[in-house]
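The values are calculated or read from the model by the stated rules, or taken from the named source; none is laboratory data. Predicted, not measured: the structure shown is a model, and the values here were computed from it. Glycine also receives a Cβ, built like all others from the backbone with ideal geometry; neighbour counts cover every protein chain displayed. We work out accessible area using only protein heavy atoms, side chains counted, and drop any ligands, DNA or RNA first. Shrake-Rupley method; radii C 1.70, N 1.55, O 1.52, S 1.80 Å.
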Amino acid sequence: MESLRIPGPTPCPEEVLQAMARQMINHRGPEYDRIIGQVTDNLKQLFQTEGDVFLLTASGTGGLEAAVVNTLSPGDKVLSVTIGVFGERFGTIARQFGAEVVPLSFEWGTAADADEVRRALKADPQIKAVLVTHNETSTGVTNDLAALSAAVKEFDKLLLVDAISSLGSIDLPVDKWQCDITVTASQKGWMVPPGMAMVSVSQKAWQAYAEAKMPRFYWDFKAAKSYLEKGQNPWTPAVSIVFALQVALEMMLKEGLANIAARHARVSQAAREGAKSLGLPLFADEKHASDTVTAIAATGGLDTKKLIKIVREEHQIVLAGGQQSLDGRIFRIGHLGWVTEDDIAAVMTALKTALPKAGFSGAK
Ligand SMILES: *Cc1c(COP(=O)(O)O)cnc(C)c1O
């Protein structure tokens, strides 16, 4: 079997897969009521929030769209802080629904600078909300969300966070860092197949909701809230994914949030040290290197596409390439969710033999 070392979908433990094989239940019946209550309570613990948390049957991008359409109106000015592909996607969604998007882009591979955010908010008092990616999966960089949030909250703006590849893996105290909407998705650090976005909603976000006029139906948070009070979702949920999530969340709480974060820190350290010891340069600014995905720059004649193919065919390990302008310029190792140091050691063993075959002649 292939070992999936991409930043989502991530491998699922056997217990989680078994849960998916269960017979269907009535999604408007008492058992579902009990399960969704338990899943939501457990998610609140892992989000470190006392606000609302909703399950949306969607991939992560659906959650990002929900964040936008539930809090903004066409014509609203939004500061879109981007450090890579997913930051740009968040801004594109807002623009698509009629927001006036003010981009604040940083060089790919680096983190966003909170002082630049301050400057941008000071320069334009009309800005209503700030879009931020916590962990930019395309470049392997984690933003200092606490610092960015402090800047955003100095100006009392709404903070919408793409935490799709960080929440549940990297410490993100949603309430403490005053995230108004926080979005994640089942197939990243949660050890669950794709199909569910999970979002938190703060009091301030509800105030924004009351005035927000962007069109929405499927994503309506009010519908999500009123149905959740009855132990249901407004629309038929991906029931099997909820079963899987129930099991995965129990496993996560048993391991404990601090232990999970520490494991991801250790594993990412092993990935970075391993890459460097093979003479491979990291793409991301190491001060902000992600604990969930490591991006490695192609140098020394390395053909990343060839490398990925060889590692998959000869070592049954699936690595990720670069997206958009990073295509062919980097490759990425996903290490989020169900991952240990042994998985990284296996990647390094594979790279060691595959690198010369993929044209790599050593560090330049
Ligand atoms: C994976 C990812 C997305 C996109 O999520 P989908 O589930 O593919 O829609 C968005 N943002 C980040 C940071 C991601 O890692």
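Considering only 280, 117, 268, and ranking their Cα positions along the charge dipole of the chain that arises from unit charges at the beta-carbon of Lys, Arg, Asp and Glu, the one farthest toward the positive end is 280. Heavy-atom accessible surface of the chain, averaged per residue, reaches 40 Å², computed with a 1.4 Å probe. Evaluated with a Cβ-only charge set (Lys, Arg +1; Asp, Glu -1), the chain carries a dipole of roughly 500 debye about its Cα centre, given to the nearest 20. As a fraction of the 1.4 Å probe accessible area of the chain, surface on carbon and sulfur atoms comes out at 52 percent. With a simple spin-label model that places each label point 7 Å from the Cα along the Cα-to-Cβ direction, the separation between residue 146 and residue 175 comes to 1.8 nm. For segment 316-325, backbone phi angles converted through the Karplus equation (6.51, -1.76, 1.60; θ = phi - 60°) give residue-by-residue couplings of 6, 10, 9, 9, 9, x, x, 9, 6, 5 Hz, Gly and Pro being listed as x.
Quote to one decimal, in nm, the extra length available between residue 251 and residue 50 on full extension: 0.36 nm per residue of separation minus the C-alpha distance between them.
70.3 nm
Ranked by the mean number of other Cβ atoms within 10 Å per residue, highest first, peptides 256-265, 98-107 order as 98-107, 256-265. What shape does the chain have by the C-alpha gyration tensor, where a ≥ b ≥ c are the square roots of the eigenvalues, rounded means a/c under 1.5, and otherwise prolate means a/b greater than b/c and oblate the rest? Oblate shape, in that a/c is at least 1.5 and b/c is the bigger or equal ratio.
If the segment from residue 119 to residue 107 were pulled out straight at 0.36 nm per residue, it would be longer than the present Cα-Cα gap by 2.6 nm. Here the chain carries DSSP beta bridges of which approximately 50% are antiparallel, counting only pairs with both residues inside. Taken about its Cα centre, segment 76-161 carries a charge dipole of roughly 240 debye when the Cβ of each Lys and Arg holds +1 and the Cβ of each Asp and Glu holds -1. For the pair residue 31 and residue 258, label points projected 7 Å from Cα toward Cβ lie 3.8 nm apart. Counting only Cβ charges, +1 for Lys and Arg and -1 for Asp and Glu, the dipole size of segment 187-262 around its Cα centre is about 220 debye.
In the elastic network of the chain, a GNM with C-alpha springs shorter than 10 Å, the most mobile of 334, 168, 75 is 75.
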